[in-house]
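Structure first, commentary second.
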Amino acid sequence: MIVPRIGKERGVSDEKEEVPPEVTKVLEAIAALSAIEDDVACTSAVSEVLRRWPDLGSELRQLREKRVNALRAEQRTWPEIAAIIGDVTPERAQQISKGLSGATRKKAAAKKAAEAQPKE
């Protein structure tokens with residue numbers, strides 16, 4: 001299946017690319033939720049997915065981290081891995097390999113800034 005690619009600005013770009021069937025299944029599942037005609041059933045189903053999403057997102061991040069580290073073990077470079085991930089810099093690919101999410105990086109930066117402040 002060819003689907004529009006979602007860019008960094010969360011808009012749909014003009015690019016089209018092949019996606020793995022597993023990605024297509026996830027997108028089709030979301031479309032199926034949208035197609036539920038009954039408002040009660042749709043609201044309930046979407047709410048259940050959203051309740052589970054934090055755990056699912058965490059599981060997906062851990063899987064990606066594991067596979068990025070496997071790519072490094074295969075002697076792939078950070079630029080190569082960044083290209084495989086898509087829309088990230090090589091530096092971000094390296095952070096992903098260490099399990100650093102956006103929230104984790106922000107907390108670490110805030111802690112570092114607080115530690116740098118002179119103590120009274």
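Rg of the Cα atoms in the range 26-120, relative to 2.2 N^0.38 Å, amounts to 1.54.
Here the label points at R52 and A35, each 7 Å from Cα along the C-beta direction, are separated by 1.9 nm in the simple model. Rg ratio for the range 69-120: its Cα radius of gyration over 2.2 N^0.38 Å, N being its residue count, equals 1.50.
What GluC sites (Glu not before Pro) does the range 59-93 have in DSSP loop regions with at most 14 other beta carbons within 10 Å? Write down the numbers at each step before the final one.
On the way: sites: E59, E65, E74, E80, E91; in loops: E74.
Listed in order of number, the matching sites are E74.
None of the figures in this text is laboratory data; all of them are computed from the coordinates on show. Source: prediction; values computed, not measured. Cβ atoms come from the backbone with ideal geometry, glycine included; neighbour counts cover every protein chain shown.
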